[in-house]
Amino acid sequence: MQRRFPASDMSARAETDVQKVDVLIIGAGPAGLACALGLLRAGVGVKIIDQKLERIRAGQADALLPRTIEVFESYGLKDPAFKGGALIYQQAEYHYDPEIDGVKFTRTFEPMATTDARYKVFIAKSQAMFEDILVDALREGGVLVDRPYKPLSIGFSTDERELNDPTAYPVTVKLVRADGGEGEVTVKAKYLVGADGAHSWTRKALGIEMEGQTTPRIWGAIDFHPSPESNFPDWRITTIVHTPFVNSFSIPREGDQVRLYTELGLEEHYIDRMTGRVDTTKFGPEKLLEYEHERRSFAQELIAFDKWYAESFSPDASRTIQKELNIDMNAPFAALRAFSGMLSGCEIRYAPSDIVAPEAYMPTALVPGKRMPPCALVRTADHAPVDVQDLCPSDGRFKLLVFAGNFVNDADTTRLECLAERLDTTLKRVAEGDIVSVACVLKTVGERKRCGDVPRVLRSHWTSVLEDTVCSPETEKAYDKFAIGEQGALVLVRPDGYVAAVAPLDEVQLVEEALLKVLVVPGQSV
């Protein structure tokens with residue numbers, strides 16, 4: 001799939017220039033960059049701007065969780081995501097012991113309760129390093145972040161025909177240089193994405209209220225290299241130290257660094273009322289070291305977790321939360337356990353919609369609205385271990401995984417040929433071009449059967465035929481794991497890797513009905 005619009009350098013544009021683009025993204029943080037990359041890979045023309053002259057180089061949200069690692073894998077970016085990061089497999093807990101007037105080790109545990117993650121690890125390193133990965137991937141596709149530009153005004157067409165015309169550009173945004181330089185640029189777009197953070201200009205311009213809560217507690221953070229003489233044993237795993245007075249939280253970082261968070265106190269003691277920011281004259285580094293509709297509901301759940309998790313690091317707030325929720329374990333760990341499915345991203349389930357069937361049309365362990373789970377199988381052509389998730393890259397296409405059952409004898413060949421003919425007819429009718437890619441997962445393959453014997457419709461490429469054969473400790477049995485019998489199944493996976501529908505192998509029309517809800521039939525007007 002090709003991009004319809006080239007990237008542009010706005011610094012070379014005249015003041016009266018008007019640019020047209022499919023999607024304009026305001027904000028080049030992780031959310032904006034990831035959105036731009038997803039659109040780019042789907043063949044959508046995209047422009048992304050940011051008011052900062054340079055990218056950030058430190059701080060903020062600095063870890064990838066299991067599902068996000070899977071997403072990086074789907075873009076072919078897993079290796080750079082892991083490179084240079086601190087890998088976190090466990091967390092440790094310490095408590096203050098008055099008998100020794102010091103802290104004592106309590107326990108270690110895995111940070112996430114979910115067992116269905118392909119990568120059961122956190123990757124901790126600077127947000128800037130993750131952003132660099134996304135920026136490099138965008139650059140390879142010809143998209144550069146236009147800096148330093150900020151929006152000046154936004155307008156929308158009021159013409160209903162234009163608003164309903166997929167070829168029109170009903171959004172108009174005027175941009176100016178954030179550094180005071182000369183030049184004003186007008187961008188006309190089909191869609192606008194606001195990814196400009198908690199103080200979003202876009203949100204304020206559209207009159208959208210900020211949801212969430214704040215805490216009156218002020219935390220300090222510092223990155224440092226632990227002394228080689230330190231007798232603290234758990235610098236290389238996430239560690240929480242509880243005391244009746246103050247808690248601290250450490251996270252291993254890239255380059256043998258550690259980030260230490262510690263509570264400083266209530267904001268009334270540390271906030272400069274004139275500026276609304278922390279008054280740095282009231283503490284210094286020694287203070288830190290001294291103390292040692294789909295997404296909306298999940299965003300709200302994340303807000304609830306964040307309040308629970310962040311507040312509970314304060315000893316006073318933690319005791320209150322334990323009492324309110326009637327829990328025995330320390331509140332931060334309880335929060336991690338209670339929300340682990342959501343935090344890891346592995347247990348999120350989207351509600352029924354046009355792109356999620358209300359229910360599976362046959363009983364399996366695959367659930368519409370949840371991500372396609374990982375499962376390592378054997379590639380038929382070269383017998384290499386391949387995960388079924390690798391059949392679902394983030395390329396803007398729907399994936400139809402055909403669990404075709406056994407492929408042993410001539411009767412199986414005839415059955416697959418009939419299935420391929422029906423699928424071919426359906427896909428030509430509802431899906432133009434290669435918007436749907438097909439892969440085949442066979443249960444048992446006969447000794448005389450080869451990859452090339454699979455009908456062409458089910459074999460878009462030699463890499464797209466897998467078999468349910470355990471030949472090494474790396475591989476599994478997909479039919480057993482997903483509770484699919486020998487009768488097989490059709491699994492339609494959305495472009496973002498989530499299951500859209502599950503149907504019996506002989507009911508191709510159910511897949512057609514699911515696709516017709518979201519795709520424009522060739523020759524049909526919008």
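The values are calculated or read from the model by the stated rules, or taken from the named source; none is laboratory data. Values in this document were obtained by computation on a predicted structure and should not be read as measured data. Glycine also receives a Cβ, built like all others from the backbone with ideal geometry; neighbour counts cover every protein chain displayed. Areas reflect the complete protein model, heavy atoms only, side chains present, ligands, DNA and RNA absent. Shrake-Rupley method; radii C 1.70, N 1.55, O 1.52, S 1.80 Å.
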As a test question: what accessible area, to the nearest 10 Å², does ASP382 have when a 1.4 Å probe is rolled over all protein chains in place? 70 Å²
Round to the nearest 0.05 the FRET efficiency obtained for ASP159 and ILE208 when R0 = 30 Å and r is the Cβ-Cβ distance. 0.80
Could you give each residue of region 82-90 its phi-based ³J(HN,Hα) in whole Hz, using Karplus coefficients 6.51, -1.76, 1.60 with θ = phi - 60°, and x for Gly or Pro? 6, 4, x, x, 8, 8, 10, 10, 9
How would TRP462, TRP235 rank on accessible area, largest to smallest, probe 1.4 Å? TRP462, TRP235
Based only on the alpha carbon positions, what is the Kirkwood hydrodynamic radius of region 61-157, in angstrom? 16.9 Å
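Hey, any idea what % of region 370-526's accessible area is carbon plus sulfur with a 1.4 Å probe? Write out the running numbers ahead of the final one.
Details: 3410 of 6770 Å².
The C+S portion of the solvent-accessible surface of region 370-526 is 50 percent.
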Under the Karplus curve 6.51 cos²θ - 1.76 cosθ + 1.60, θ = phi - 60°, whole-Hz ³J(HN,Hα) for region 183-195, x wherever Gly or Pro sits: x, 10, 10, 9, 10, 9, 9, 7, 9, 10, 10, x, 10
Calculate, axis by axis, the spread of Cα positions in region 80-231 along the three principal axes, and write the results as whole Å, longest axis first. 74, 40, 39
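Which of rounded, prolate, oblate describes region 382-492, given a ≥ b ≥ c as roots of the alpha-carbon gyration tensor eigenvalues and a/c under 1.5 marking rounded, otherwise prolate only if a/b is larger than b/c? The partial results should precede the final answer.
On the way: a/c = 1.70, a/b = 1.22, b/c = 1.40.
Oblate, since a/c reaches 1.5 and b/c is not below a/b.
At 1.4 Å probe size, put LYS120, LYS150 in order of accessible surface, largest to smallest.
Numbers: LYS120 115, LYS150 80 Å².
Descending order: LYS120, LYS150.
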Collect residues whose amide H, placed 1.01 Å from N in the peptide plane, falls under 5 Å from the amide H of LEU264; neighbours closer than 5 in sequence don't count. ILE218, TRP219, GLY220
May I ask you to give the solvent-accessible area per residue for region 111-233, in square angstrom, as obtained with a 1.4 angstrom probe? 55 Å²
So how many Lys-Lys pairs in region 112-238 land under 29 Å Cα to Cα, not counting same-chain pairs under 8 apart? 10
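Skip the ligands, DNA and RNA, and give the accessible area per residue of region 391-451 with a 1.4 Å probe, whole Å².
Per residue, region 391-451 has 45 Å² of solvent-accessible surface.
From the square roots a ≥ b ≥ c of the eigenvalues of the alpha-carbon gyration tensor of region 38-106, which class results: rounded (a/c under 1.5), prolate (a/b over b/c), or oblate?
Details: a/c = 4.01, a/b = 2.22, b/c = 1.80.
Prolate shape, in that a/c is at least 1.5 and a/b is the bigger ratio.
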Rounded to a whole %, the carbon-and-sulfur portion of the accessible area of region 163-204 at a 1.4 Å probe is 51 percent
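How would LYS428, LYS174 line up by accessible area, probe 1.4 Å, largest first?
Working: LYS428 140, LYS174 80 Å².
The most accessible residue leads, giving LYS428, LYS174.
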Pop a pseudo-label 7 angstrom from the Cα along the beta-carbon direction at both ASP453 and HIS95 and give the gap in nm to one decimal. 6.4 nm
Which value, in Å² rounded to 10, gives the accessible area of HIS461 with a 1.4 Å probe and all protein chains present? 90 Å²
Under a 1.4 Å probe, counting only protein heavy atoms, TYR89 has an accessible area in Å², nearest 10, of 130 Å²
